[in-house]
Amino acid sequence: MSNKERLKHAIEQDFNCKRYYDEIMNQIKKGEEKMQKKSNLWKGVLLPICLIGLISSIVFFNTNKEFKTNVYQPDIEAKDNVHLYINDVSKMTQEVLSIDADVKITHIENILYFKEIAQVKIPSDFDYQEAHEIYTKPDRESNEYSVLQSYVFNYRNQKNDRDINVSFSKENKPIRDYYFSLEGSKISEINNIELKIFKYNELFFTEFNYKGINFDIETTNITEQELTDLLVSILK
């Protein structure tokens, strides 16, 4: 079982509906209603072609008022146009959400935009890649998964539990399996583009908008320099 699978399994055992509801209400009162409604990120590495069902997601809350997000600058090669801050939320409380979606395998030739995904910088030891389209229903009453929600490109080193998921969409914020409270976090910048970087143990999560496209990136067991190289290869 991978580290991410163990994390999800442990969290699912402690799911507390009432506490989750109370936290959502508190966040809404703080003006984060919009973020809560778009608070999922999808983990493509575990999903086969044409899988329709509930995809688990995890929400991180700062319920301990004495805990503050640990913000630090990564140990990377210095560049004038790169100013990164890592928001470490490893000690935050977690809860589980779900979302209904249809996942289909696709190819880069079929995507409608950001063909530059073919040139992103991936670690040289990665030996597998796969692309997916995520579809959702147009409304709750519909039985058809007809709305293209986002694209997801997954890259992996299959032996060492190292992987990268790059999700992007023009029309939506990509479905996420993790959401982090923005309280106490710090914004990073690459080539004058703002982005948010969160860390949970060996996982990095990054989100930004570039050329009108919403990006969500999740990585496992990659270095801070590898993350930086990946981001710089996108945000040119």
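Would you confirm whether any residue within segment 175-193 is within 22 Å of ALA131 (Cβ to Cβ), at pLDDT 95 or above and part of a strand (DSSP E or B)? No, segment 175-193 has no match at all. If I filter segment 81-95 for residues that are buried (at least 17 other Cβ atoms within 10 Å of the Cβ), touching a helix residue (DSSP H, G or I) at 6+ places or on another chain (Cβ under 6 Å), at pLDDT below 55 and assigned to a strand (DSSP E or B), do I get at least one hit? Yes, segment 81-95 contains a residue that is buried (at least 17 other Cβ atoms within 10 Å of the Cβ), touching a helix residue (DSSP H, G or I) at 6+ places or on another chain (Cβ under 6 Å), at pLDDT below 55 and assigned to a strand (DSSP E or B). Within segment 114-137, track down each residue that is surrounded by fewer than 15 Cβ atoms within 10 Å (Cβ to Cβ) and in contact (Cβ under 8 Å) with a residue 40 or more places away in the chain. Hits for segment 114-137 are GLU116, GLN119, LYS121. Scanning segment 60-79 for residues that are open to solvent by 100 Å² or more (accessible area, probe 1.4 Å) and either under 16 Å from TYR200 (Cα atoms) or at pLDDT below 85 (or both) yields LYS65, GLU66, LYS68, GLN73. The residue list GLU194, GLU171, GLU144 contains one member that is without any contact (Cβ under 8 Å) to a residue 40 or more places away in the chain and within 16 Å of ASN87 (Cβ to Cβ), which is GLU194.
Determine whether segment 174-182 contains at least one residue that is aliphatic (A, V, I, L, M) and open to solvent by 40 Å² or more (accessible area, probe 1.4 Å). Within segment 174-182, one or more residues are aliphatic (A, V, I, L, M) and open to solvent by 40 Å² or more (accessible area, probe 1.4 Å). Determine, yes or no, whether GLU207 is among the charged types (D, E, K, R), closer than 29 Å to VAL71 by Cα, touching a residue at least 12 places away in the same chain (Cβ under 8 Å) and open to solvent by 40 Å² or more (accessible area, probe 1.4 Å). No.
The values are calculated or read from the model by the stated rules, or taken from the named source; none is laboratory data. Quick caveat: nothing in here was measured; it's all calculated off a predicted structure. Note that each Cβ is placed from the backbone with ideal geometry, even for glycine, and that neighbours are counted across all protein chains shown. When the accessible area is computed, the model is the full protein with side chains, heavy atoms only, and any ligands, DNA or RNA have been set aside. Shrake-Rupley method; radii C 1.70, N 1.55, O 1.52, S 1.80 Å.
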